[in-house]
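Have a look at the structure below before the remarks.
Where a number appears in this text, it was derived from the coordinates with a stated rule and is not lab data. In this text the structure is predicted, and so the values were computed from the model without any measurement. Every residue, glycine as well, gets a Cβ built from its backbone with ideal geometry; the counts of neighbours run over all protein chains shown.
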Amino acid sequence: MARKKIIAGNWKMNKTPSEAVALINELKPLVANDDVDVVFCVPAIDIIPAMEAAEGSNICIGAENMYFEESGAYTGEISPAMLTDVGVKYVVLGHSERREYFAETSETVNKKMLKAYEHGITPIMCCGETLEQREQGVTMDFIRQQVKVGFLGITADQAKTAVIAYEPIWAIGTGKVATTEQAQEVCAGIRACIAEIYDDATAEAIRIQYGGSVSAGSAPELFAQADIDGGLVGGAALKPDFGKIVNYK
Ligand code: 13P
């Protein structure tokens, strides 16, 4: 069975709640496309107004992060139940910015992955190498490690529904998109890693996105690759261009 493409925007720390509503109203008609899953991952405080603005459209609202405990003395954190209570179905986990600025590790990402599944939230788990790692030729070793640790304790049935976003750090926010060959090669490598951990059926089912300076110009070729099942889009997800990315065909 062909995998349905999933094209998600990661808004990062952009847009106030009122700006979020305005942007969704602007993008709603532009991102209409039932052939792909369209997800807007927005700042926590924007989730509820974004849900209301997106109602009746094909836009699904996701979160950008979540904590791995149920509740308690974790000042500033958002629990999985808080997300599901308002209808969140997707959460970005382990984005490189969270790993870099907020000390996330593959171990904490794994705890969040387990917790997300416990609550029926689909993780969009990010992985990706630095420029230095690419130049040293250890890209795939590093990413395999991120994937293997991230998926510890996750069952094959759960993994089948997961989304992995391959985001080379050197391509994020730099305007420097990976070549189609580089992106396809790593996404195929991630799929092979999933086949090793689980089996071929799981590897065939899991969806793998490319992220890093995706634009309306680069999306068609990237998304045509055999192992690239869509994109995780930063800057271009905040502009009308996102409509062109979603309707890339
Ligand atoms: P840009 O598309 O702005 O490079 O960001 C990519 C990204 O980090 C999405 O999660």
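Show me the chymotrypsin sites (Phe, Trp or Tyr not before Pro) within region 106-155 that DSSP assigns to loop and that have at most 11 other Cβ atoms within 10 Å of their Cβ.
none
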(message) So if I restrict to the alpha-carbon atoms in region 117-165, what is the Rg, and what is Dmax, the biggest pairwise distance, in Å?
(response) 12.8, 39
(message) On the Cα set of region 1-82, report Rg and Dmax in Å, please.
(response) 14.1, 45
(request) Have a look at region 135-192 and give its Rg and Dmax from the Cα atoms, expressed in angstrom. (result) 12.7, 37
(request) Treat the count of other C-beta atoms within 10 Å as a stand-in for reagent exposure and order 13, 125 from fewest to most. (result) 13, 125
(message) How high is the relative contact order of region 99-249? Use alpha-carbon pairs under 8 Å, at least six apart in sequence, and give a whole percent.
(response) 21
(message) Using a Gaussian network model on the chain with a 10 Å cutoff between Cα atoms, which of 83, 131, 93 fluctuates the most?
(response) 131
(message) Using the crude model of +1 on Lys and Arg Cβ and -1 on Asp and Glu Cβ, and no other charge, please compute the dipole size for region 34-170 relative to its Cα centre, in debye to 20.
(response) 420
(message) Let me spell out the model: positive unit charges on the Cβ of Lys and Arg, negative unit charges on the Cβ of Asp and Glu, origin at the Cα centre of region 83-138. What dipole size does that give, in debye rounded to 20?
(response) 240
(message) Over the Cα atoms of region 36-85, each weighted equally, I'd like the Debye log10 I(q)/I(0) at q = 0.16, 0.21 Å⁻¹, rounded to two decimals.
(response) -0.49, -0.75
(request) Note down the magnitude of the dipole of region 124-249 about its Cα centre, charges +1 on Lys and Arg C-beta and -1 on Asp and Glu C-beta and zero elsewhere, to the nearest 20 debye. (result) 440
(request) Using only alpha carbons, build the gyration tensor for region 171-249 and give me the equivalent ellipsoid semi-axes, biggest first, whole Å. (result) 24, 12, 10
(request) In whole Å, largest first, what are the principal axis extents of the Cα atoms in region 94-249? (result) 38, 32, 27
(request) Before rounding to the nearest 500, sum -39500 (n - 2.57) across all DSSP H runs of length at least 4 in the chain and divide by the residue total; then give [θ] at 222 nm in deg cm²/dmol. (result) -11500 deg cm²/dmol
(message) What Kirkwood Rh does region 91-181 have if only Cα atoms enter the pairwise 1/r average? Answer in Å.
(response) 13.6
(message) Given the C-alpha atoms of region 61-134, compute the convex hull and give its volume per residue in Å³.
(response) 94
(request) Select from 108, 72, 137 the residue farthest towards the positive end of the dipole of the chain; place +1 on Cβ of Lys and Arg, -1 on Cβ of Asp and Glu, and compute about the Cα centre. (result) 137
(request) Rounded, prolate or oblate: pick one for region 1-159, where a ≥ b ≥ c are the square roots of the eigenvalues of its C-alpha gyration tensor, a/c under 1.5 means rounded, and failing that, prolate if a/b is larger than b/c, else oblate. (result) prolate
(message) Using C-alpha positions alone, give me the convex hull volume of region 1-45 per residue in cubic angstrom.
(response) 72
